[in-house]
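J.: Let me give you the structure first, and then I'll get to my questions.
Laboratory data are not the source of any read-out in this text; all were calculated from the coordinates shown. The model shown is predicted, which means the values in this text are computed figures rather than measured ones.
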Amino acid sequence: MLKHVHLFMAQSRVHIILLITLALMACNTKKRKIYTSECDVDVTFKKVSFSHLIDSIKYYDKQNVEVTGKYIEGKNQSALVNDSTFTDHGNSRSLWVNFTQDCPLYLTGKHTGLFETEDGEYNKINNRKMTIRGRVELQKKGHKNTYRATINQVSYLELD
């Protein structure tokens, strides 16, 4: 009988630890924000890794892609870089991101724009991992033509 009590207590501890772990994971999970536009709704996008896109940029010229990276913004800077800390983040290995008023992005389910305030605070996207869909343009290389290419017509953006 004592053996069954110890076994039950050991199983209960495991269950409690599992419940606590799941609860902590649920608390730390950030809700992803998805912004879409009405541009290019009928377009098919090729999902491609950031490294592959940079290495094969000529192949993807004038094509619609979905790519994930870290967004960096600043004075004269709107760039998507590889989200790996072990890779080159220089302009020649980065993509210029061209957000335009022609394709405004709105939070799914709301009419809050990407660059509008939400809950009284400016939407912070600098240094955030994001997935974007847009058109690769090799001839346009961003500020001072120093970037690998431009992602134009951004019609989808997912912030992690």
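J.: With an 8 Å Cα cut-off and a minimum separation of 6 or more residues, compute the relative contact order for the range 58-114 in percent.
T.: On the way: 47 pairs, mean separation 11.5, N = 57.
Answer for the range 58-114 is 20 percent.
J.: Right, something else. Have a look at the DSSP beta bridges in the range 91-160 and tell me what percent are antiparallel, nearest 5. Write out the running numbers ahead of the final one.
T.: On the way: 10 of 13 bridges.
Given both bridge residues lie in the range 91-160, the antiparallel proportion sits at roughly 75 percent.
J.: On full extension of the chain, what length is gained from Ser51 through Thr146, given 0.36 nm per residue of separation minus the C-alpha to C-alpha distance?
T.: Numbers: separation 95, 0.36 × 95 = 34.20 nm, distance 1.76 nm.
Using 0.36 nm per residue and subtracting the Cα-Cα distance, I get 32.4 nm.
J.: Further question: As a quick test, which of the pairs Lys58/Lys144; Lys33/Lys110; Lys33/Lys75 have an alpha carbon distance above 23 angstrom in this structure?
T.: Details: Lys58/Lys144 20 Å; Lys33/Lys110 11 Å; Lys33/Lys75 25 Å.
Pairs exceeding 23 Å: Lys33/Lys75.
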